[in-house]
Amino acid sequence: MSLFLNVANVFKQYEGKSILQNCSYDFKEVGIYGLIGPNGGGKSTFLRICSLLESPDRGAVTYTSEGRAVSPDLALKRRITMVQPKVGVFNTSVFRNVAYGLKIRGVPSRLIKEKVLGALDHVGLPHKKDQNALTLSSGETQRLGLARALVVEPEVLFLDEPTASIDPQNTAVIEEIIRKLKREARTLIVMATHDMEQVQRITDRVLRMEQGRISG
Ligand SMILES: Nc1ncnc2c1ncn2[C@@H]1O[C@H](COP(=O)(O)OP(=O)(O)OP(=O)(O)O)[C@@H](O)[C@H]1O
Ligand SMILES: [Mg+2]
């Protein structure tokens, strides 16, 4: 039972300035969607609105399952995750940072341990589990963000520049994780990136966002 997303005629302003202008896109297949375009073009804003972290001024963001609209409640929000580069590291261990999403979902602690260690292993951070998350390097912090998303097994995953400050070797690891999520977990993935080679390597479709409008 996959979750799909339809974005219809979305507008957004900040402080009277138009950021998104009539954005529409039908994410109707599982796949990796690349979102490209210049700085300030509206990519991050679009991802926050798609992931229900923010509301559009006008227009609709509708999730569907088996052809029917799913109401935008907490249960739906828990099936969707967004990884933002600078957001949401708690002043506690790496382990607890990853465990948080499972705790609030009421997962039993034995299972939490297994899943957290599995997710840290996946992103190459198992040796950091007891370190305070605020002391990680920027690339490690980005990988922590990904581990926090992976651990809750989202059906739709939004990634805002997931490899922006990551070295080539770890970028390859993360790209493989993203591919595997699509292939094995059938996750719908929307990823903003400035890395055009990455777009070539892993995306199935490309959306270009410029001055608040989508093309492509
Ligand atoms: N909360 C906010 N308040 C005011 N302006 C904002 C806010 N969030 C974003 N903006 C502005 O909206 C515009 C689009 O920003 P956004 O972060 O969506 O662009 P982007 O395409 O992700 O850019 P980048 O490639 O640099 O990440 C920018 O001009 C930004 O300054
Ligand atoms: Mg951005």
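Of all positions in segment 5-28, at least one carries a residue that is among the polar types (S, T, N, Q), surrounded by fewer than 20 Cβ atoms within 10 Å (Cβ to Cβ) and within 17 Å of the chain's Cα centre (by Cα). Test residue 166 against the stated conditions and say whether it is at pLDDT below 95 and within 21 Å of residue 30 (Cα to Cα). In short, no. Condition test on residue 179, is it part of a strand (DSSP E or B) and in contact (Cβ under 8 Å) with a residue 24 or more places away in the chain? No: the conditions fail for residue 179. Screening residue 209 on (1) within 16 Å of ligand 2 (Cβ to nearest atom); (2) part of a helix (DSSP H, G or I); (3) modelled with pLDDT of 95 or more shows it passes everything except condition (2). Within segment 152-172, the presence of a residue that is surrounded by 21 or more Cβ atoms within 10 Å (Cβ to Cβ), part of a helix (DSSP H, G or I) and over 10 Å from the mean Cα position of the chain (by Cα) is excluded. Could you look through segment 29-49, keep only residues that are surrounded by fewer than 21 Cβ atoms within 10 Å (Cβ to Cβ) and of a type in the set (D, E, K, R), and pick out the one that is farthest from ligand 1 (Cβ to nearest atom)? It comes out as 29. Among the residues of segment 108-120, those that are out of contact with any Leu (no Cβ under 8 Å at 6 or more places or on another chain), modelled with pLDDT of 95 or more and of a type outside the set (Gly, Ala, Ser) comprise 108, 113, 114, 117, 120. Across segment 145-195, the number of residues qualifying as within 16 Å of ligand 1 (Cβ to nearest atom) and charged (D, E, K, R) comes to 3.
The values are calculated or read from the model by the stated rules, or taken from the named source; none is laboratory data. What you see is a predicted model, and the numbers here were worked out from it, not measured in a lab. Every residue, glycine as well, gets a Cβ built from its backbone with ideal geometry; the counts of neighbours run over all protein chains shown.
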